[in-house]
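The values are calculated or read from the model by the stated rules, or taken from the named source; none is laboratory data. Because the structure is predicted, anything quoted here is derived from the model rather than measured. With ideal geometry, Cβ positions are generated from the backbone for all residues, glycine too; neighbour counts draw on all protein chains shown. Side chains are part of the model used for accessible areas, which takes the heavy atoms of the whole protein and leaves out ligands, DNA and RNA. Shrake-Rupley method; radii C 1.70, N 1.55, O 1.52, S 1.80 Å.
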Amino acid sequence: MTLLEAEFDHLQLDQHGPIAVLTINRPKALNALNGDTLSEIAQAVELIIDEAEIGAMIVTGSGERAFVAGADISELADLDSTFAGRELSLAGQDVMATVANLPFPTIAAINGFALGGGLELALACDVRVASPTAKLGLPEVGLGLIPGFGGTQRLPRLIGAGRALDLMLTGRQVGAQEALVMGLVNYVAEDVLSRSRELAQQMLKNAPMSLGLVKEAVRRGLDAPLDHALEIEADLFGMTVTTKDFKEGTRAFLEKRPASFQGE
Ligand SMILES: C/C=C/C(=O)SCCNC(=O)CCNC(=O)[C@H](O)C(C)(C)COP(=O)(O)OP(=O)(O)OC[C@H]1O[C@@H](n2cnc3c(N)ncnc32)[C@H](O)[C@@H]1OP(=O)(O)O
């Protein structure tokens, strides 16, 4: 099945040349992530990986109000055992990891509420663009929960433990400007989708393998002591110099012309 043929109950998947746009589509529930939606995200990401033409992915929410307002609370409310809670957390973490580990750039176009599991989905993306009216937060403690789709780990890695603990212990929502100041989002833009597309296009001008290897170096390095992380960087840098794109990029610079990368 190709991207354009794919049909989902709670998602829309579109392709604009090399950019896949994944829209969470449950607007009546502010795009809350029920189990079916989480499974569909995993399926959609598999399709995107298989589509050789795709070099970047944008994730957004349907409607005017929300990116994603969290995991679906009506499903969470039925959880009644430690085992079931742990399994749900692991399943959600798995989907977020699938997004985080994609070998090409991913951008969250945050068009409204990004709360709980919704913010965790945005945190699994590489770059976040928020609309001026977006509200972001991890309100789980107000429900008697803790963030369970990676938030307790990805948020402090992104903005530092102090700021992350403030957000997770108060459960407060921050607006786009405050999120920008604390580094929780990279950009604030009126039209989040078009700004995200511009960013994706800017990224796609670069060597595709370099994009994947930068992501790998950052991801693996963040979990390693500095000396080991620097070895990871050197190993991956070593891989780049054997690629055709490295030859093309350096030659194009010396010949004062734009590079034409093939991803090889
Ligand atoms: C491991 C992960 C855990 C988690 O993610 S836990 C969940 C974390 N998220 C939250 O706690 C946010 C829950 N939602 C809200 O607090 C509010 O919503 C908003 C502040 C986002 C918006 O409030 P307002 O403007 O008054 O809208 P509305 O009437 O509450 O929502 C419209 C419809 O959307 C449903 N909905 C919103 N969020 C969720 C959700 N997270 N799970 C299930 N449904 C949700 C509502 O119930 C309602 O539906 P109806 O029109 O049928 O009453």
- Give the accessible area for Arg154 in Å² (nearest 10); use a 1.4 Å probe, count only protein heavy atoms, and leave out ligands, DNA and RNA. 70
- Task: Determine the dipole magnitude for the chain: charges of +1 sit on the beta-carbon of Lys and Arg, -1 on that of Asp and Glu, nothing else is charged, the reference point is the Cα centre, and the result goes in debye to the nearest 20.
- Result: 1000
- Note on the structure: Contact order relative to length for the chain, counting C-alpha pairs under 8 Å separated by 6 or more residues, stands in percent at 15
- Note on the structure: Expressed as a percent, the accessible surface of the chain that is carbon or sulfur, using a 1.4 Å probe and the full set of protein chains, is 55
- Under the span-like rule (Cα at least 20 Å along the axis, Kyte-Doolittle mean at least 0.5), DSSP H helices of the chain: 35-50, 82-100
- Task: List the residues whose amide H sits under 5 Å from the amide H of Met182, counting only those 5 or more places along or on another chain, with H placed 1.01 Å from N in the peptide plane.
- Result: none
- Message: For the chain, what does the helix formula give at 222 nm: sum of -39500 (n - 2.57) over DSSP H segments with n ≥ 4, over the residue count, nearest 500 deg cm²/dmol?
- Response: -14500 deg cm²/dmol
- Item | DSSP-assigned coil residues among GluC sites (Glu not before Pro) in the stretch 115-218, each with at most 12 further Cβ atoms within 10 Å | Glu190
- Item | the stretch 208-254 - convex hull of alpha carbons, volume per residue in Å³ | 66
- Query: Could you give me the ³J(HN,Hα) list for the stretch 174-187, computed from phi with Karplus coefficients 6.51, -1.76, 1.60 and θ = phi - 60°, whole Hz, x at Gly and Pro?
  - Reply: 10, x, 4, 5, 5, 4, 5, 4, 7, x, 6, 10, 8, 9
- Task: Answer with one residue from Ala161, Val21, Thr98: the one whose Cα lies farthest towards the positive end of the charge dipole of the chain, charges on Cβ with Lys, Arg +1 and Asp, Glu -1.
- Result: Ala161
- Roughly what would the spin-label model give for Glu75 and Asp9, points 7 Å off Cα along C-beta, in nm? 1.0
- Message: Taking 2.2 N^0.38 Å as the expected size of a compact globular protein, what ratio does the Cα radius of gyration of the stretch 94-204 give against it, to two decimals?
- Response: 1.01
- Message: At 0.36 nm per residue, and after removing the present C-alpha to C-alpha distance, how many nm does the segment from Thr242 to Arg65 gain when stretched out fully?
- Response: 59.0 nm
- Query: Hey, if we sort Thr170, Thr60 by accessible area with the 1.4 Å probe, largest down, what's the order?
  - Reply: Thr170, Thr60
- Message: Using alpha carbons only, how many angstrom separate the centre of the stretch 201-215 from the centre of the stretch 1-45?
- Response: 24
- Message: List the pairs from Lys135/Lys215; Lys28/Lys215; Lys215/Lys244 whose alpha-carbon separation is above 25 Å, in the order I gave them.
- Response: Lys135/Lys215; Lys28/Lys215
- Query: Heavy-atom accessible area per residue, the chain, 1.4 Å probe: how many Å²?
  - Reply: 51
- Message: Which residue, Val241, Leu230, Leu254, has the largest displacement toward the positive end of the dipole of the stretch 208-254 when charges sit on each Cβ (Lys, Arg +1; Asp, Glu -1)?
- Response: Leu254
- Query: Across the chain, how large is the tail of the calculated P(r) beyond 24 Å, expressed as a percent of all Cα pairs?
  - Reply: 50
- Given the options Ser89, Ser81, Ser39, which has the most mean-square fluctuation in a GNM of the chain, springs set between C-alpha atoms less than 10 angstrom apart? Ser81
- Name the residue, out of Gly17, Gly63, Gly55, whose mean-square fluctuation peaks in a Gaussian network model built on the chain with Cα pairs under 10 Å. Gly17
- Query: Pick from Ala176, Ala122, Ala52: which residue has the top mean-square fluctuation in a GNM of the chain where Cα pairs under 10 Å get a spring?
  - Reply: Ala52
- Can you tell me how much longer the chain between Glu46 and Phe83 gets when fully stretched, taken as 0.36 nm per residue apart minus their C-alpha distance, in nm with one decimal? 10.6 nm
